[in-house]
Structures are given as structure tokens and as C-alpha cells.
1. Determine if segment 125-136 includes at least one residue that is part of a loop (DSSP other than H, G, I, E, B), assigned by TED's automatic domain parsing to the domain that holds residue 230 and under 21 Å from residue 190 (Cβ atoms).
2. Among the numbered criteria (1) surrounded by fewer than 24 Cβ atoms within 10 Å (Cβ to Cβ); (2) assigned to a strand (DSSP E or B), which one does residue 269 miss?
3. Here are some conditions: (1) assigned to a loop (DSSP other than H, G, I, E, B); (2) free of Cβ contacts under 8 Å to residues at least 40 places away in the same chain; (3) crowded, with 17+ Cβ neighbours inside 10 Å. Residue 74 meets all but one. Which one does it not meet?
4. Can we say residue 110 is out of contact with any helix residue (DSSP H, G or I) (no Cβ under 9 Å at 6 or more places or on another chain), in contact (Cβ under 8 Å) with a residue 40 or more places away in the chain and in a loop (DSSP other than H, G, I, E, B)?
5. Working carefully through the options 105, 140, 92, 152, find the one that is farther than 19 Å from residue 168 by Cβ and either without any contact (Cβ under 8 Å) to a residue 12 or more places away in the chain or surrounded by fewer than 15 Cβ atoms within 10 Å (Cβ to Cβ) (or both).
6. Right, residue 199: part of a loop (DSSP other than H, G, I, E, B), without any contact (Cβ under 8 Å) to a residue 60 or more places away in the chain and surrounded by fewer than 22 Cβ atoms within 10 Å (Cβ to Cβ) or not?
7. Could you please let me know if residue 245 is touching a strand residue (DSSP E or B) at 6+ places or on another chain (Cβ under 7 Å), more than 23 Å from residue 165 (Cα to Cα), at pLDDT 95 or above and surrounded by fewer than 24 Cβ atoms within 10 Å (Cβ to Cβ)?
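The values are calculated or read from the model by the stated rules, or taken from the named source; none is laboratory data. Predicted, not measured: the structure shown is a model, and the values here were computed from it. All Cβ positions, glycine included, derive from the backbone under ideal geometry; neighbour counts span all protein chains shown.
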């Protein structure tokens, strides 16, 4: 009779299927822990994501977008220019001539692409994220005038496997240089501020970050409305006088309300737009953070180490010892 040595490690993972499942799980942990920004489910690849529901139009005129643009559903886009898009324009629908380039001076460095499933996936993710955050009972805070919010004072919820400090705004006023909202937190903090239920939201003042927190760590969520028809939410308006009155910084998420920006500088991302046209005009700039990538040591050496460990386990199980 042949006797096989069964090591403690081999007992831990007795079958090939279990070994594979464990390997994939640990690989996901290795990759997922490499950055602390919000998990945007593909939204990190875009500076602007337009809902595009009911065939509505993203209208841009004389703007600069440093990042990719995604247009969902059967939405359209017009670029009256002169505009510069340092990135791609991706449509989730196939080409039905829904893009109008109306200015010979327009620059689109990444070209125009159709049938991009990543746009739909990203919109589905951020819409769900908005709904989840809207249902979390955060720490109540009145946002008026010049003030500071410390990330650590927010109620903590687990959202998509991440710990998020959530605040529910009981009032909101951000108008001109007299209204500057400072958010203080570390580079590992995630903050969501729910603004739903307060009426139409205007960012006309400044957002300042201190302590290491940055744009992809902070979501301003104008939740509410109907997440099936993308309607019934309050509108979002960003206008900071070309940055003179402050910068709009963070991820601005309004799935079910109309969005307009006029002569504004946005350091972050702009997602949503309801079943209405979406206007981004008059010298506006949006500078999207680069999409986070797993840190090379974690993704490379970490995953390689996991693979080698399972390989040793497999070899150990197969080692035969002589027997009677």
C-alpha cells in the first residue's frame, strides 16, 4: 500500500478547487489593498460620467477636460468648442451618430469610441454607491460659511468593503469666497457627505483638503429621487468664477438630478445628470485624478509569493513515502 504524506498546509487546502479559490481571494486582497481611494467600480477611469437616459445630451462648449468622458444609455454629446479633451469619449451605445463635433479646433486626444460596456458598468456602480450612501444615517452636520469637518467625526459604515466616514448635511451653503469648506483627514480616510433632501445644491465657493485627504477620498452625494428612471433628484450647479471663488474638489455624484457647470474649475470627478441635458460650458476645467493602480510590490511580488506558496503545498501533498 502507498502512503502519502499530508502536511498541515495540505490539510488546510485539501482540493485543487479550494486551492484555486483561496489563491484568487488572496490575490484580490493583495490588489484591493494597494490604494485607499473610493472604489468606483470603473468610474475611476472617467472625469465625467453622464447618465444619458432618454436620449438626452451632454453639451460642452469652450472647456478643458483632463480625463475621459463616458456617456451612458442612449445619450448624446455635442462639442461646440473650442474644447480640449485630454482623454477619450466613450459611449455605451453603438454608433448611431450621437456625437456632434461642431468646431474644427476641438481636440480629443483619445478619440471617440462606441459600444463601451465599461461606461454602463461604471454608471451602475456609482448609482448603486449613491443609493447606499443615501441610506446610511451619517453624522448630522450643518454646512454654512467657513468651517472645517474632521473626517474622524463621521459615522463609520462599511461600503463595498471599505470603511467610510458618512455625514448627513442638515443645511448647505457654499457661495463665493466667504464660504470655504475644509475637510481634514488622512490619506487613508474616506468621506461621504450626503446632500439629498436639501433642495438644489450650488457649489459657488471653495473646497479645501488638509491632512493628506484628496479628491478621490471625498464624495458629495446628492442622493434621492428614482434610481430606476434617474429622475426626481435635486439639481447640482457648480460655478466658482474660474476658480477665483475657490475650487470644487472631490467626487460630485448626482445620479437623479440635472447637472450644470459654468466657468468652473473642478479638481475631481463629475457623475450623474438625470434624464436631462447636462451642460458643461464657458471656460470650465475638470482635472480628474489619475486612475489608481495597484502598487507594484503588492501586485507583483505579493501575488507571486502567494502562487509559490500554493505550489509548495501542492508538491508536498504529492510526495510519496514507502509503506507496507
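1. Of segment 125-136, the ones part of a loop (DSSP other than H, G, I, E, B) are 136.
Adding the requirement that they be assigned by TED's automatic domain parsing to the domain that holds residue 230 leaves 136.
When the remaining residues are screened for being under 21 Å from residue 190 (Cβ atoms), the result is 136.
Yes - at least one qualifying residue is present in segment 125-136.
2. If we test residue 269 against (1) surrounded by fewer than 24 Cβ atoms within 10 Å (Cβ to Cβ); (2) assigned to a strand (DSSP E or B), just (1) comes out false.
3. Checking residue 74 against (1) assigned to a loop (DSSP other than H, G, I, E, B); (2) free of Cβ contacts under 8 Å to residues at least 40 places away in the same chain; (3) crowded, with 17+ Cβ neighbours inside 10 Å, the one that fails is (3).
4. The answer is yes for residue 110.
5. 105 is the lone residue from the list that is farther than 19 Å from residue 168 by Cβ and either without any contact (Cβ under 8 Å) to a residue 12 or more places away in the chain or surrounded by fewer than 15 Cβ atoms within 10 Å (Cβ to Cβ) (or both).
6. On the way: part of a loop (DSSP other than H, G, I, E, B): yes; without any contact (Cβ under 8 Å) to a residue 60 or more places away in the chain: yes; surrounded by fewer than 22 Cβ atoms within 10 Å (Cβ to Cβ): yes.
Spelling it out, residue 199 is indeed part of a loop (DSSP other than H, G, I, E, B), without any contact (Cβ under 8 Å) to a residue 60 or more places away in the chain and surrounded by fewer than 22 Cβ atoms within 10 Å (Cβ to Cβ).
7. Answer is no for this residue.
Results for (1) more than 18 Å from the chain's Cα centre (by Cα); (2) on the phi < 0 side of the Ramachandran plot, shown as yes or no for each residue.
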residue	(1), (2)
220	no, yes
228	yes, yes
231	yes, yes
234	yes, yes
244	yes, yes
252	no, yes
258	yes, yes
261	yes, yes
268	no, no
